[in-house]
Amino acid sequence: MALVDRDVVTLVDDALHSKLHGYLRGRGWKLHRAANADELAALSKQQDFHAGLLQLQHTGKDKLLDLVGRQQSLQWIALMDHSFWSPSPQHRNFLAGVYDFHTLPVDQDRLAISLGHAWGKGQLLKPSPSRPDTLEQHGIVGSSPAMLAFCQALRKASKVDAPVLIGGESGTGKELAAHAIHDLSARSKNAFVAVNCGALPTHLIQSELFGHEKGAFTGAHQRKIGRMEAAQGGTLFLDEIADLPLDLQANLLRVLQDKVIERLGSTQPIQLDIRVTAASHINLQEAVAKGRFREDLYYRLNVINLQAPPLRDRQGDVELLAQALLDKFSWETGGKVKGFSRQALRAMNQYAWPGNVRELINRIRQGVVMAEHPYLTPEDLGMERRASSTGRLTLDGARVKAEIDSIRTALRRCQHNVSEAAKELGVSRATLYRLLERHALLGPYKGRYSAPTRAKLPL
């Protein structure tokens, strides 16, 4: 009795497709032929394929790697003549990326078995639907309580048009969060314009933000639209807002209040319809107290305050992120890297990640490029020292780890209310502060515990 039809896509010529169809149809396979990569893309939008048959002569050498790497859950079986094969680097990379290959004419029984295995593997690798409270479709990967809470906050922020201030350590993905807010908002069809305030030369900031008219200053040979005007109808994201000079902070405040700008060299007002989001890796409240940031601008921006959680507080997310990054980068080397060794996973999970997601991205990309084996090792990731110390936890070290874990758990359970957390832990509030400082848990959040009630720790 034939199996229920399982769909397979083919990139083969008509004659070979007819032969394969006649044999495989009776074994429960339904073949869909694509003549080229464009037809493959169109078919893939209509149907989920877990396995495919690719005729090398028909496809062309220049498109091999692109086809293989386009969809991880689609497992390809390559079909080729002996005369076609040559041990070029391109072929070797291609071979590392396909599930199996067969020489023509194919052994039909062997092909049927191989196709079944490939289809099963592709089904297992099919991405699971994103949880409704995550934002994976916007590039935000994670299922930890910290990230689920952060994603929920992003969704809420996207429903209103108020300014948003995103805090968090460097490398935590603040711009990605701002982009997600824009994509989920009513402004998503219009532009998202990002400006790194720390990267702009001081003498060019006004021109970059507000634009200028021809002849406004030496070198202004033509009219230039500023970043704010370019974001008309959409979202302007001001990254590292604390790096903006004080005089320009005053100009920005007026723009936020009046929603009007003038290009340099012009007296013609331009009405703006933009939403402003901003981010900073430093504590802006401290910057205000030290006179480095305008208090009135801080309160104008800080209508909705979000904190991007550091990677060390995202329990279980490191492996999810690492796998997503591996899938993204592995095709640069022909898909030769398949996964992570147990030692590498252990080293990554026990590392503090001071550079957060940005550091993880760099290490994974380095590993994919430098790896000599299908499974990345701590050495590939530059984490040899971390791996060598794994499992060598002293009694004192175990006590410290248990203390840190207890503090973090209590703070999360009490929604970062220090007084309540101290009561739960059976210590005074002052003692808890000392423990936080001793274990370097204050870090960039030092000063946020000064309020007598709620402390803004990372989620």
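Values quoted throughout were computed directly from the atomic coordinates according to the rules given, and no laboratory measurement underlies them. Source: prediction; values computed, not measured. Quick reminder, even Gly has a Cβ in these numbers, built from the backbone with ideal geometry, and neighbours come from all protein chains shown.
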Please go through the residue pairs K214/K290; K121/K401; K224/K259; K290/K328 and name each one whose alpha carbons sit more than 31 Å apart in this structure.
K214/K290; K121/K401; K290/K328
Most exposed to least, judged by fewest other Cβ atoms within 10 Å, E175, E403 sort to E403, E175
Listed peptides 352-363, 258-269, 221-232 by packing density, highest first (mean Cβ within 10 Å):
352-363, 221-232, 258-269
Placing each pseudo-label 7 Å from Cα in the direction of the beta carbon, K30 and Q46 end up separated by a distance in nanometres of 1.2 nm
Extension length gain for Q268 and A220 (0.36 nm per residue less Cα distance), in nm, is 15.5 nm
Size of segment 199-267 as Cα extents on the principal axes (Å, biggest first):
30, 26, 18
Rank the residues T377, T103, T277, T218 as a footprinting-exposure proxy: fewest other Cβ atoms within 10 Å of their Cβ go first.
T218, T103, T377, T277
Lys and Arg at +1, Asp and Glu at -1: neighbours of D183 with Cβ under 14 Å from its Cβ sum to +3
Given N residues in segment 136-307, what is its alpha carbon radius of gyration divided by 2.2 N^0.38 Å?
1.05
Determine, at each q value in 0.17, 0.20 (inverse angstroms), the log₁₀ of I(q)/I(0) that the Debye formula gives when each Cα of segment 311-388 is one equal point scatterer.
-0.55, -0.78
For segment 157-223, the fraction of alpha-carbon pairs in successive 10 Å shells from zero, as %:
17, 34, 30, 18, 1
State the antiparallel share, in %, of DSSP beta bridges confined to segment 136-307, rounding to the nearest 5.
20 percent
From the backbone phi of segment 272-283, what are the Karplus-calculated ³J(HN,Hα) couplings (6.51 cos²θ - 1.76 cosθ + 1.60, θ = phi - 60°) in whole Hz, Gly and Pro given as x?
9, 10, 9, 10, 10, 10, 9, 8, 7, 8, 9, 6
What dipole magnitude, in Debye to the nearest 20, does segment 311-388 give about its Cα centre under +1 on Lys/Arg Cβ and -1 on Asp/Glu Cβ?
100 debye
